[in-house]
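The values are calculated or read from the model by the stated rules, or taken from the named source; none is laboratory data. Keep in mind that what you see is a predicted model, and the values were worked out from it rather than measured. Glycine also receives a Cβ, built like all others from the backbone with ideal geometry; neighbour counts cover every protein chain displayed. In case anyone asks, the SASA skips ligands and DNA or RNA and just uses the protein heavy atoms, side chains included. Shrake-Rupley method; radii C 1.70, N 1.55, O 1.52, S 1.80 Å.
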Amino acid sequence: MDSDCLSLLPAVCLVLADPKQSPPDDTSLEKLLDWFKELHSQSDGQVLLQHQPCLLEFISSVCMSKTTDPAILSFTLKLTGLLAATTQELHLFDEGGLLVNVFEREAWGVCDLWEDASVRSGWLQGLLNMLKHQQALGFICGNGLIKVILQLQNDRSLFVACLANQLLVHILNFLTSPNMTNGSDVVGSSESSLRPDWVSASSEIMNAVVEALSSEDHPQVLQGLRLLSLVLSKCGEPIISTLWKDVLVPLEVLVNRGSESLIQTLITVLEAALGTPLLSQSEYKVEELLEAMLGDGNRKECFHCAALIVKLEKCPEVLKRKATDIILLPLQCVSTQPQAEKEINVVLKEQLSQKASCISLLMQSLSSLAQLAHTKYLFEDISIHSITSSVLLLLRMCSGHCPTSLLHSNAFTHLIGCCKVQRCGLDTLGALSVYEEILDLRKDIFGVLLDYLQSPDSHATVLKKTFQAVKRWIVCSPFPDLLQFISHDLFPVLEKRMCDLRWEVRDSTLEFITQLTTALNGNSGFTEALHTSGMVSVLLSSLADAEGYVRASAVAAVGEAVTASSHQMVLVSNSKLLDEALVQMMAILSQDTEGFPRRAVVQAFTSWLKGSHLITALELSLSSVLSLGGSDFDWEVKMHTLELAEVLMEKTLTCCPYAVQNFGSSEETRFTQALIKFKNFGLFDLLFNSLFDCDRPVCEKACALLVKLRTLTAETADLDNSLLVLNVCGNRWGDEVQRRYLNKQQAKASVSVTNGVTGSDEGTDCGLHCTKDISLPKILQILDLDDMQRMLTLSSDHVVNSPRSLMEDILSAAQHSEENIVDCY
Amino acid sequence: MKLYCLSGHPTLPCNVLKFKSTTIMLDCGLDTTAALYFLPLPLVHSPRLSKLPGWVSKDGAVNLEKKELLDLSTIDVILISNYHCMMALPYITEHTGFTGTVYATEPTLQIGRLLMEELVTFMERVPKAQAATCWKNKEIQRLLPGPLKDAVDVWSWRKCYSVQEVNSALSKVQLVGYSQKELFGAVQVTPLSSGYSLGSSNWIIQSHYEKVSYVSGSSLLTTHPQPMEQSSLKNSDVLILTGLTQIPTANPDGMLGEFCSNLAMTIRAGGNVLVPCYSSGVIYDLLECLYQFMDSANLGSTPFYFISPVANSSLEFSQIFAEWLCQNKQSKVYLPEPPFPHAELIQTNKLKHYPSIHGDFSSEFRQPCVVFTGHPSLRFGDVVHFMELWGKSSLNTIIFTEPDFSYLDALAPYQPLAMKCVYCPIDTRLNFHQVSKLLKDIQPLHVVCPEPYTQPPPAQPHRSDLMLELQPPPMAYRRCSVLGLPFRRRYERIHLLPELARSLVPSEIKAGVSVATVSAVLQSKDNKHVLQPVPKPAPVPPSKKRKRVTEEPPEVLNPKPLLSGAVPLEPFLAMLHKNGITEVKVEETADGHILHLQTEDVLIQLEEDATHIICDNNEPLRTALRDLVLRFLQKL
């Protein structure tokens, strides 16, 4: 493939270098670069430039051209970098002084192109590509490019600035890497210390960082901080400590100034510092700086800082405690009774009196709390009990209930009906379910959650969050009154919500029921409540909902509910219900106009089949399920049907619950019986039809199943083929099998003719006859499943996406460009 | 300008505004909550109700919120905002000597008539054997049981009016259209769309220089009526604000959802739903919502029954008032399609309407079903029958959607009740949040509102968001208050006769402003003022001066020129200096400056609107100084 492409390369280079041609789109150029990268990595020592002189010509002509397009120049810069990534190639470039011409912008045909951000980014990317060896570094330092890179660090284009930072970090890393210092590079000298120009390069970079941090110019400070955090996370010693020593003073100034817009970046820097050995050395003051960021909780920004610090993974414990105390302040302040109130600082008071800041503060507070709960953080100064009560109170306030005495009545009016805080609070309440200490608050918690479920004003998204919280609290530890709560309080609300005007609410209610049923599977009390409360019949009526998504969720809920029981007995008593559900679900599978409900039906059947109980009614319908699902218009339904088939195969072949168990019957007969069963179910029709389906994933899945089946048939030696004969006439897959069969027969015949085997007449004759019945093992043999599988695993655009087609595209676009101009009007 | 408040009920207002010698009544709502003190009036004899112990009355009673604050016969005009706020009209216009005009829009008149006729029918079809009034005596009332004992103003409770009275009252209505300017004496009244119900309006009452806005039941929600017109309410001197939502904590959308889900739950379980409601208004929106919901909830075959003596007219009227509907309903008319989907419900037999429960209804009635019928108080109307019929089964549900009555009180005589009760009050009128936004936009100088709006609801004293907080604070009124409205009339428009105008000699005092003196006779009649030339033989001094700028009466000139302008201190001092007066001591005062010319011992007081030269017996010096002062002033 590559040799094909290489032959096209000169022509492509000509097209690209031709200023009259409009350049191919960026994606094509990027793909071309990818191909070069791949080629380069595979070349093991072979120098591409030597074999392809057109590349050097291309590069020099682009740089010299007076009419180069910025996209092409950018591409050329990146390509040059790629090609110069080994010392050998670099020498080839250097021979003609080409490399300097490429990376010295004064040498270009058009200097103005530098104004284009894509060119600048190409220039940086090119250097980054090249920086794989000492000579490259020498080239950069020797030509004073460090200065340019440092300038680009403050570029107005964010991409360029970011790339410049990366390059600088890469350079620093390279300077300190072992092969630079101990001289183990291929062509490197045996110097044990850095070359003087390199020392000056590194100090130039570091000075630039210090300078940026001390600057008054905000964007420059920001870039400096970004570079610093990148150095801290990407570089090693001694760079880090050298740099840190230099930046410590300006950094302290910045931290103490506490400018709102720098907080995020400063925290990133300090977070990076936490991950370095700097943390353990007190003279580097990492912890001190973080603590200074928090202040004493009296600055507007400290809450933001605290929220960020709480999220840090490697944060020192003391600091985390302090941050936690601060971030919980807004929550406590809004929802604490005055007598228990510590003296609240003025800043917080003021922030809480304004709607926007009040809501964002509380949300920060709540989400940090949720974050802490996820790690089951141990609160020390403040009890988890009182925190939970605060969250509960806040949620109550959001729905208009007010505590008897209130500290911040302003905050209260901001909160009424505020969906954002409600959602966040509910999430947090759910997260708090990990703490066993607050189990005694459960009554209050469920009280608040029920209020939310009942309130006519609850927004659909709030209800969804409420359901999630209810589920977490129910699941965390079943309590004695659980069933009472579910059947007396929860079910009536759910029943009403299933009649809600908004389909989103009906949908999330049904999803919640499904999750609850799954979570409490095996809890006989729950199953009984579910069946006696009439919930199941409400679920069944939801199967006829007007909204497709709701029907799909109803199917899932019904599917889960009718089988939810650990006792076969209960199932038997529910057989009427099961029959009814099955009839309705089959109706959906065969008639529903939307894909979601049909997919859900097949999935529900799959999970029934997977379950440990025998569902006789389903067995009777299996053949229609397989044929309906296999011929569905929706490819996902077909996929799910194949999954159902897979489960059916696994179950039947492992324990054979569907076959009549004949004690003493051999493994082989049981296998044959299973296959006969499959045949009766129409499983083979499904598999073969799917194998020739128009949707690739479907074919792939069917192919995998057939391969499995083939292995099994091959393993079973004395299979009675006569019992497993399939009719191959009158359907699409049969025709295909027949065609392949005939082809094979013909090939065999022609081979025998050439080999002069007698009786060839007979062979060809019988082969060319239409064969109606072929045995399963034979079919599996005829179909070249392995080849099919290999083809199917390739992505569907593998032909179109090849470098060859890419190059052909570029060439043909160039050929047709004139016609295109005429066509355009 | 005075406001007499005859009703303290915030949503059933009845106020009288005296403005520029006109007496304008703003709405005459009828508070029927007193009916809750009485037993239901069953169409068929109910053994249960008649056996109830205690006081039995056969009075169908209504409560008119009125006191003898003023003579009703002096009312010149009554402005009606919506059909709910006109139910007391016959009490005002009949037998009181009322000779004025009633202004209302056409839908208000027609639907108001329907509601009044329905009320009369409900009352009259259950004839009363006797009318009792003795119990109203304080001594007897004190002996009565339960809440009746504590009822106040029982003497103001009146018997229901008759059809004749309704007809006579409505014959005094003059129809108006939105934004139509109606001149009434010295004031102009204009109805504006208020968005609450078909034909509902707010009113603007204005003279040349004053503007009073009257905001009654208004809504900003997109329901069936034309949207609320807000911009014309701007720049009001006084805004009288009534008719806000009665249930500020219930959001209409949430309640509608609640209504639908409870209805679906009941029907699915095989029960019936009873919706006690008025025959017009929210019922149109309920039917429209159910029209979509029933199919999606898979309950398409459940019948709706609408039972009222005026059911048919109400449904039909709603379809013909196209120009009073919201834009998307109006555009349907041009397709042509009926604007409300209940036409389709009727066509497909899903909605059936009957004048009463006897007749066709009894033969076609099929369960489970949804019944819409009146009256929301559950004291009269066909709803009484359904309460008796369905009350015993827990499968059935009664859903209250009208916020006018306490549902627990309404249900009291039917207890014990097995049927489920759901309270989903749907009140689309402005809530406090919307009203504070509205007031921020239209910026009235003063707001007058019922007292309850100035404090949080008594049941939720902490909800400071459920009250009006304005700067300056609103003026609150309660029943029987008489408020002097807090603004002074400062200008009046006066006409000049042409011959007088011709004689004027304007002189420009600054660019665009010219001033002239006028001597004329002012004639005022019917709130109109005319300046006429002075009759020749009487050479009287000018009777009226229009003061627009400061003037200083000179003493010597004849005819006296009017002076204008101000004497600037520094140039004046310079001028004095130039004229040889050098020793001047300047003292600053509250109104200006006092200049003490020390050598001459003269005081010159320079004030904003006067200048005094005080010098003893030195007339030449005074004249000289006066002339210096005059150099800085303009003469007319």
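Tabulated values for the structure
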{"quantity": "Checklist (1) open to solvent by 10 Å² or more (accessible area, probe 1.4 Å); (2) more than 10 Å from chain A (Cβ to nearest Cβ) applied to B:THR249, failing item", "calculated": "(2)"}
{"quantity": "Strands (runs of 3 or more DSSP E) enclosed by region B:81-195 - at least 1 residues per element that are open to solvent by 30 Å² or more (accessible area, probe 1.4 Å) and under 30 Å from B:TYR209 (Cα atoms)", "calculated": "B:101-104, B:173-175, B:182-184, B:187-193"}
{"quantity": "Listing of helices (runs of 4 or more DSSP H) fully contained in region A:391-467 that carry 3 or more residues being in contact with a Leu (Cβ under 6 Å, 6 or more places away or on another chain)", "calculated": "A:419-431"}
{"quantity": "Some residue of region A:395-412 being modelled with pLDDT of 90 or more, within 34 Å of the chain's Cα centre (by Cα) and open to solvent by 10 Å² or more (accessible area, probe 1.4 Å)", "calculated": "no"}
{"quantity": "Residue match in region A:113-125 (condition: of a type in the set (Phe, Trp, Tyr), at pLDDT 80 or above, open to solvent by 10 Å² or more (accessible area, probe 1.4 Å) and under 25 Å from A:GLN21 (Cα atoms))", "calculated": "yes"}
{"quantity": "Qualifying residue in region A:472-490 (condition: without any contact (Cβ under 8 Å) to a residue 60 or more places away in the chain, closer than 30 Å to B:CYS289 by Cα and either within 14 Å of chain B (Cβ to nearest Cβ) or of a type in the set (Val, Ile, Thr) (or both))", "calculated": "no"}
{"quantity": "Which listed residue, of A:VAL334, A:VAL310, A:VAL347, is modelled with pLDDT under 80 and assigned to a helix (DSSP H, G or I)", "calculated": "A:VAL347"}
{"quantity": "Residue satisfying all of: in region B:234-246; within 16 Å of B:MET467 (Cα to Cα) and not in a strand (DSSP E or B); nearest to the other protein chains (Cβ to nearest Cβ) among these", "calculated": "B:THR245"}
{"quantity": "Those residues of region A:20-45 which are buried (at least 16 other Cβ atoms within 10 Å of the Cβ) and in a loop (DSSP other than H, G, I, E, B), in sequence order", "calculated": "A:GLN21, A:PRO23, A:PRO24"}
{"quantity": "Residue in region A:525-535 that is within 14 Å of chain B (Cβ to nearest Cβ), open to solvent by less than 30 Å² (accessible area, probe 1.4 Å) and either modelled with pLDDT under 95 or not in a helix (DSSP H, G or I) (or both) present", "calculated": "yes"}
{"quantity": "Search result, residues across region A:536-551 that are touching an Asp or Glu at 6+ places or on another chain (Cβ under 8 Å) and in a helix (DSSP H, G or I)", "calculated": "A:VAL538, A:LEU540, A:GLY548, A:TYR549, A:VAL550, A:ARG551"}
{"quantity": "Residue within region A:422-444 that is polar (S, T, N, Q), within 21 Å of A:ASP457 (Cβ to Cβ) and more than 34 Å from the chain's Cα centre (by Cα) present", "calculated": "no"}
{"quantity": "Among the candidates B:SER231, B:SER213, residue that is away from chain A (no Cβ under 14 Å), at pLDDT 95 or above and either over 29 Å from A:TRP503 (Cβ atoms) or under 17 Å from the mean Cα position of the chain (by Cα) (or both)", "calculated": "B:SER213"}
{"quantity": "Close pairs from region A:677-697: first free of Cβ contacts under 8 Å to residues at least 24 places away in the same chain, partner open to solvent by 50 Å² or more (accessible area, probe 1.4 Å) and of a type in the set (A, V, I, L, M, F, W, C), Cβ under 9 Å, at least 6 apart", "calculated": "A:CYS694/A:TRP635"}
{"quantity": "Criterion violated by B:ALA574 - all others in (1) open to solvent by 50 Å² or more (accessible area, probe 1.4 Å); (2) part of a strand (DSSP E or B) satisfied", "calculated": "(2)"}
{"quantity": "Wholly within region B:481-546, strands (runs of 3 or more DSSP E) carrying at least 1 residues that are at pLDDT 80 or above, touching a helix residue (DSSP H, G or I) at 6+ places or on another chain (Cβ under 8 Å) and under 30 Å from B:VAL212 (Cβ atoms)", "calculated": "B:528-533"}
{"quantity": "Whichever residue in region B:596-607 is closer than 10 Å to B:VAL567 by Cβ and touching a strand residue (DSSP E or B) at 6+ places or on another chain (Cβ under 6 Å) and, among such residues, is surrounded by the most Cβ atoms within 10 Å (Cβ to Cβ)", "calculated": "B:ILE604"}
{"quantity": "Failed item in (1) in a helix (DSSP H, G or I); (2) away from chain B (no Cβ under 14 Å); (3) modelled with pLDDT under 95; (4) open to solvent by less than 20 Å² (accessible area, probe 1.4 Å), with A:THR518 passing the rest", "calculated": "(4)"}
{"quantity": "Residue in region B:208-220 that is touching a Lys or Arg at 6+ places or on another chain (Cβ under 6 Å) and either closer than 20 Å to B:GLU402 by Cβ or among the aromatic types (Phe, Trp, Tyr) (or both) present", "calculated": "yes"}
{"quantity": "Selected residue (only one of B:ILE399, B:ILE442 is under 25 Å from the mean Cα position of the chain (by Cα) and at negative phi)", "calculated": "B:ILE442"}
{"quantity": "Counted residues, region A:423-468 - those being under 21 Å from A:ILE384 (Cα atoms) and within 14 Å of another protein chain (Cβ to nearest Cβ)", "calculated": "0"}
{"quantity": "Options A:ASN129, A:ASN101: the member that is at pLDDT below 80 and not β-branched (Val, Ile, Thr)", "calculated": "A:ASN101"}
{"quantity": "Residues located in region A:77-117, provided they are hydroxyl-bearing (Ser, Thr, Tyr) and under 23 Å from A:GLN153 (Cβ atoms)", "calculated": "A:THR80"}
{"quantity": "Subset of region B:487-507 that is within 26 Å of the chain's Cα centre (by Cα) and touching a residue at least 60 places away in the same chain (Cβ under 8 Å) - its residue that is surrounded by the fewest Cβ atoms within 10 Å (Cβ to Cβ)", "calculated": "B:ARG490"}
{"quantity": "Qualifying positions in region B:608-620 - crowded, with 17+ Cβ neighbours inside 10 Å and either of a type outside the set (Val, Ile, Thr) or closer than 23 Å to B:ILE509 by Cβ (or both)", "calculated": "B:THR611"}
{"quantity": "Set A:LEU501, A:LEU540: member being under 20 Å from B:LEU263 (Cα atoms), without any contact (Cβ under 8 Å) to a residue 12 or more places away in the chain and within 11 Å of another protein chain (Cβ to nearest Cβ)", "calculated": "A:LEU501"}
{"quantity": "Subset of region B:426-467 (residues that are within 14 Å of chain A (Cβ to nearest Cβ), of a type outside the set (S, T, N, Q) and in contact with a Leu (Cβ under 8 Å, 6 or more places away or on another chain))", "calculated": "B:ILE426, B:PHE432, B:PRO456, B:PRO457, B:HIS462"}
{"quantity": "Positions within region A:678-711 being open to solvent by 30 Å² or more (accessible area, probe 1.4 Å), at pLDDT 90 or above and of a type in the set (A, V, I, L, M, F, W, C), in sequence order", "calculated": "A:ALA704"}
